[in-house]
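The values are calculated or read from the model by the stated rules, or taken from the named source; none is laboratory data. None of the values given here were measured: they were computed from a predicted structure. Neighbour counts are summed over all protein chains in view; Cβ atoms, including those assigned to glycine, are modelled from backbone coordinates with ideal geometry.
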Amino acid sequence: MKKILKNILISVHGFLLGTLGFYWDLMGVAFMFPEYGPGSLSWEEDKIFIPIGIFMVLIWLAIFIFTIYKFRKSKAEIISFIISLLFGITIFVLWWMFGVVI
């Protein structure tokens, strides 16, 4: 029972990191690379978001690396996490591109 609950929680963690975490990461990348370049009027407003974007991407990366480090002893846990992570990213991309909700 404990092992089943652990696998369910690992899958939920992977799914949430795949959907919400991927969205968080995309917003960080959008902040890191503003639409306007240096010299434009909007650049002064947009350049303050670059460190925020870097921080957002580093937070997502730290959570991902810590999770893989935590599951390093069990290949089944890593596989369960990666499959649910990829499923979460797929759901996010389908929702973002087509408005599909599964």
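The set of residues in the range 1-42 that are touching an Asp or Glu at 6+ places or on another chain (Cβ under 8 Å), under 28 Å from MET97 (Cα atoms) and modelled with pLDDT of 85 or more contains only ILE10. The one condition from (1) exposed (fewer than 13 other Cβ atoms within 10 Å of the Cβ); (2) among the β-branched types (Val, Ile, Thr); (3) in contact with a helix residue (DSSP H, G or I) (Cβ under 9 Å, 6 or more places away or on another chain) that ILE83 does not meet is (1). When the range 34-91 is limited to residues that are over 12 Å from the mean Cα position of the chain (by Cα), of a type in the set (Gly, Ala, Ser) and not in a loop (DSSP other than H, G, I, E, B), the one that is farthest from ILE10 (Cα to Cα) turns out to be GLY53. Take the conditions (1) modelled with pLDDT under 90; (2) crowded, with 17+ Cβ neighbours inside 10 Å; (3) not aromatic (Phe, Trp, Tyr); LYS47 misses just one of them, which is (2). Residues that are loosely packed, with under 13 Cβ neighbours inside 10 Å and in a helix (DSSP H, G or I) were ranked within the range 92-102; the one that is farthest from the chain's Cα centre (by Cα) is PHE98. Is it true that LYS70 is out of contact with any helix residue (DSSP H, G or I) (no Cβ under 8 Å at 6 or more places or on another chain) and surrounded by 11 or more Cβ atoms within 10 Å (Cβ to Cβ)? Yes; evaluated as a whole, the condition is true for this residue.
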